[in-house]
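The values are calculated or read from the model by the stated rules, or taken from the named source; none is laboratory data. Just so it is clear, the model here is predicted, and its values are computed rather than measured. So basically every Cβ, Gly included, is an ideal-geometry build from the backbone, and we count neighbours across all protein chains shown.
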Amino acid sequence: MDTDRPSHLRFWLTTQTFGMLFFLVMGVLGMLVEANDAGCMYVTPAFFIVLTIVYPAARLRRFGAATAVFLLYLTAGSYIEYQMQWVAERQLASPWGALAWGLLGVLVGLVADVTFRYLPAGLAAGWRGAITGALTGLALFLTTYVAMTTLYASPASQQTHFVFFSSRAVFSLPWMLLNGAFGGYCAMALAAGFGRRARAAMAT
């Protein structure tokens with residue numbers, strides 16, 4: 001693995017750019033999925049969600065890159081969740097549930113970072129990306145399940161999306177694992193291609 005450490009500026013520009021992309025994926029694609037009855041906003045766009053999380057880790061090769069992607073989600077996202085799910089609709093059991101959603105996102109990023117960092121050094125890049133992506137998809141599934149079963153005032157069974165994490169989990173979980181693996185693989189390939197172009201440009 002490449003051990004060159006990126007500058008602090010490059011680290012934060014990259015991670016926060018992909019943090020905004022993650023925010024857009026969850027917002028725009030999520031709304032499109034919901035508006036067209038195309039499944040669940042946490043499940044259907046799993047490929048794009050994982051791609052935005054794993055790419056910074058693959059590109060920067062610095063522990064914490066995937067976790068840093070969730071900074072915007074933790075701050076602005078928690079505030080939006082608070083306004084929508086507590087102030088407007090009172091669906092959360094506590095206002096702290098909004099912050100808990102954000103922290104669960106940070107946990108997903110940490111899973112991606114730990115997996116990417118501690119897989120065997122000799123593992124092929126494609127496999128590193130695919131395994132990292134699959135476990136990130138699994139983390140997304142589990143953290144969403146935890147949120148739905150612990151953070152809301154109403155029972156999980158009464159929540160619209162919970163069916164995708166209970167009776168339809170036989171579809172949702174493999175979908176998130178496979179799309180996560182493909183997203184991680186593509187993130188690794190894109191990062192490698194960008195790195196080659198950058199090195200070629202520096203050599204000319």
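Checking every residue in segment 114-126 against the condition of being closer than 18 Å to LEU92 by Cβ, under 20 Å from the mean Cα position of the chain (by Cα) and of a type in the set (Ser, Thr, Tyr) gives zero matches.
Out of the residues in segment 57-91 that are aliphatic (A, V, I, L, M) and touching an Asp or Glu at 6+ places or on another chain (Cβ under 8 Å), which is farthest from ALA130 (Cα to Cα)? Ranking the candidates gives ALA65 first. When the test is whether a residue is surrounded by 15 or more Cβ atoms within 10 Å (Cβ to Cβ) and more than 24 Å from ALA169 (Cβ to Cβ), ARG10 does not pass it. Before we move on, is GLN85 buried (at least 18 other Cβ atoms within 10 Å of the Cβ), of a type in the set (S, T, N, Q) and touching a strand residue (DSSP E or B) at 6+ places or on another chain (Cβ under 8 Å)? For GLN85, the condition - buried (at least 18 other Cβ atoms within 10 Å of the Cβ), of a type in the set (S, T, N, Q) and touching a strand residue (DSSP E or B) at 6+ places or on another chain (Cβ under 8 Å) - is met.
Of the set (1) modelled with pLDDT of 95 or more; (2) more than 21 Å from the chain's Cα centre (by Cα); (3) assigned to a helix (DSSP H, G or I), all apply to ALA201 but (1). Sort through LEU92, LEU51, LEU74, LEU103 and tell me the only one that's in contact with a Phe, Trp or Tyr (Cβ under 6 Å, 6 or more places away or on another chain) and aliphatic (A, V, I, L, M). One residue alone meets the criteria, LEU92. With respect to the conditions (1) of a type in the set (Gly, Ala, Ser); (2) under 30 Å from ALA93 (Cα atoms); (3) modelled with pLDDT of 95 or more, ALA156 lacks only one, and its number is (3).
Number of residues in segment 8-26 that are over 14 Å from VAL50 (Cα atoms) and touching a helix residue (DSSP H, G or I) at 6+ places or on another chain (Cβ under 9 Å) equals 6. Among residues of segment 167-179 being free of Cβ contacts under 8 Å to residues at least 60 places away in the same chain and surrounded by 14 or more Cβ atoms within 10 Å (Cβ to Cβ), the one that is nearest to GLY137 (Cα to Cα) is LEU177.
With the condition kept exactly as written, say whether any residue in segment 150-167 is assigned to a helix (DSSP H, G or I) and closer than 20 Å to ALA57 by Cβ. No, segment 150-167 contains no residue that is assigned to a helix (DSSP H, G or I) and closer than 20 Å to ALA57 by Cβ. If you go through segment 31-40 and keep only what is at pLDDT 80 or above and either under 17 Å from TRP175 (Cα atoms) or surrounded by 15 or more Cβ atoms within 10 Å (Cβ to Cβ) (or both), you end up with VAL33, GLY39, CYS40. If you go through segment 19-36 one residue at a time, do you hit one that is part of a loop (DSSP other than H, G, I, E, B) and more than 30 Å from ALA124 (Cβ to Cβ)? There is at least one residue in segment 19-36 that is part of a loop (DSSP other than H, G, I, E, B) and more than 30 Å from ALA124 (Cβ to Cβ).
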